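Student: Below you'll find the structure I mean.
Please treat every number below as a calculation from the coordinates, not as lab data. On a predicted model such as this, the values are computed, not experimentally measured, just so you know. A quick note on method: Cβ atoms are made from the backbone with ideal geometry, for glycine too, and the neighbour counts reach across all protein chains shown.
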Amino acid sequence: MKQVSPSQSRPNVHFSRLRASRHLPTTERRNPRSSHIDTLSTGEIVDLINSEDRIVPEAVGTQRKKIAAAIDLIVDCFRQGGRLFYVGAGTSGRLGVLDASECPPTFGVKRSMVQGIIAGGRRALVRSIEGAEDDIEGGAAQIDKRKVTSRDVVVGLAACGLTPFVHGALRRARKLGAKTVCVTCAPEVVKSIPAEIIINPVVGPEIVTGSTRMKAGTATKLVLNMLTTSAMIKLGKVHGNLMVDLQAVNRKLRDRSLRIVTELTGLSRARAKALLQRADGKVKPAVVMHFRKTDLQGAVRILDACGQSLRKAMETRGGEIRSTKSEIRNKSKGPKLK
């Protein structure tokens, strides 16, 4: 059995001190607006939950600069061949696994590029594993198991900010030189979290006291959506708003691939289908083959030279900018972020 030093096996004193005090994390406090929820009608319960949920996107919006900083950190990591790890327990852990599992089919990346680590392992995805989140050594061990290095980013997910499993993973990751981020909804514990960037959407107490699968879980999901989606956009996995690196592993995605090629090239469905077949079903090479009048190998070389950016591969040819008719037709001016 692996020996663990006393400092590793003993949780931060802050955990017990905070939990024993009256100053509970926001996520553990009672919500005065739902103190009589058990006396409400079904419709009133729905209205109350819905009104509380409206708080979530605004809370996430207050963290946009920190979210953007985390995204840039992740993009730099990916460009150096690094990986992204989500670490969490319970709902937070499940959300991390969910987000990681969607990256390969959506963006065509390897499964090792984005990984979810949940306290208690795979069984914890479908049932509660008692005590798993309190295993600070287990969090560190999972980081060692994944052979985390200084090229990787580890994102801790802890609604209450106190989860020992997550703290153990973050501390170990930092010791190994990895970049660290944490998503928590408890402002009271931010200073105790061992992470470089702390994303802290304050959604307030839950409708059912302590049930962080609700607002805190929703806030976490919104943040994770932004982290991976934005990073993949920056890596050229999206053209316009089209997922041009998707893995067409079923009928729906094969049809989507065909529609994307049709949209970007202006070809008929029949010609676009033939083009996709010559490109081994891959959207980006198919589009480059059409615009650059080359074969699959040539398209792959062009994309590599353009950093996998389909826009650069399509637009830049001898210094001239090219745009498809559909791009010009669909181009719109969105609101500028302030």
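Student: Between residue 65 and residue 293, what FRET efficiency follows from the Cβ-Cβ distance if R0 is 51 Å, with the result rounded to 0.05? Please list the in-between numbers first.
Tutor: Details: r = 44 Å, r/R0 = 0.87.
It comes out at approximately 0.70.
Student: OK, next. Could you pull out every residue, at least 5 positions away or on a different chain, whose amide H is within less than 5 Å of the one on residue 182? Hs are placed 1.01 Å off N in the peptide plane, and Pro or chain starts have none.
Tutor: Hits under the 5 Å cutoff: 156, 197, 198, 199.
Student: Shifting gears a bit: Whole-Hz ³J(HN,Hα) for each residue in segment 68-85, computed from phi via Karplus 6.51 cos²θ - 1.76 cosθ + 1.60 with θ = phi - 60°, x for glycine and proline: what do you get?
Tutor: Each residue of segment 68-85 in turn: 4, 5, 5, 4, 4, 4, 5, 4, 4, 4, 4, 5, 9, x, x, 10, 10, 10 Hz.
Student: Given N residues in segment 131-216, what is Rg(Cα) / (2.2 N^0.38 Å)? Mind showing how you got there, number by number?
Tutor: Numbers: Rg = 13.1 Å, N = 86, 2.2 N^0.38 = 12.0 Å.
Normalised Rg, Cα atoms only: 1.10.
Student: Obtain the nm distance between the two label points defined at residue 55 and residue 42 by a simple spin-label model: each point lies 7 Å from its Cα along the Cα-to-C-beta direction.
Tutor: 2.6
Student: Here is a further query. Return the Rg/Rh value of the chain, two decimal places, where both radii are evaluated on C-alpha atoms and Rh is the Kirkwood radius.
Tutor: Numbers: Rg = 23.1 Å, Rh = 22.1 Å.
Result: Rg/Rh = 1.04.
Student: Here is a further query. So what is the 222 nm mean residue ellipticity for the chain from helices alone, if each DSSP H run of at least 4 adds -39500 (n - 2.57) and you divide by all residues, rounding to the nearest 500 deg cm²/dmol? Write out the running numbers ahead of the final one.
Tutor: Details: 15 runs with 164 residues, N = 338.
After summing the helix terms and dividing by the residues of the chain, the value is -14500 deg cm²/dmol.
Student: Give the separation of the Cα centroids, segment 17-88 to segment 269-292, in Å.
Tutor: 43
Student: What dipole magnitude, in Debye to the nearest 20, does the chain give about its Cα centre under +1 on Lys/Arg Cβ and -1 on Asp/Glu Cβ?
Tutor: Values: 59 positive and 30 negative charges, 289 e Å.
Using only the charged Cβ atoms, the result is roughly 1380 debye.
Student: A 32 angstrom limit on the alpha carbon distance is what I want to check against. Which of 66/147; 66/282; 175/284; 66/293; 145/234; 179/312 exceed it?
Tutor: Table pairs above 32 Å Cα-Cα are 66/282; 175/284; 66/293.
Student: Let me ask something additional. Can you tell which of 291, 181, 202 lies farthest toward the positive end of the dipole of the chain, using +1 and -1 charges on the Cβ of basic and acidic side chains (Lys, Arg; Asp, Glu)?
Tutor: Projecting each Cα onto the dipole axis, the largest value belongs to 291.
Student: Give a residue-ordered list of calculated ³J(HN,Hα) values for segment 295-305 (Karplus: 6.51 cos²θ - 1.76 cosθ + 1.60, θ = phi - 60°; whole Hz; x for Gly, Pro).
Tutor: Couplings: 8, 4, 4, x, 5, 5, 5, 5, 4, 4, 5 Hz.
Student: Now, a different point. For segment 172-187, in order, what is each residue's ³J(HN,Hα) by Karplus, 6.51 cos²θ - 1.76 cosθ + 1.60 with θ = phi - 60°, in whole Hz (x at glycine and Pro)?
Tutor: Once θ is set to phi - 60°, the couplings for segment 172-187 become 5, 4, 5, 4, 7, x, 6, 6, 10, 9, 9, 10, 9, 10, 10, x Hz.
Student: Where does the charge balance sit around residue 48 when Lys and Arg score +1, Asp and Glu -1, over other residues with C-beta under 13 Å from its C-beta? Could you put the intermediate results ahead of the total?
Tutor: Details: positive: 33, 54, 215; negative: 38, 44, 47, 52, 53, 206.
Value of the local net charge: -3.
Student: Identify the residues of segment 77-104 with backbone N under 16 Å of a label point that sits 7 angstrom from the Cα of residue 127 along the Cα-to-Cβ direction, or state none.
Tutor: 90
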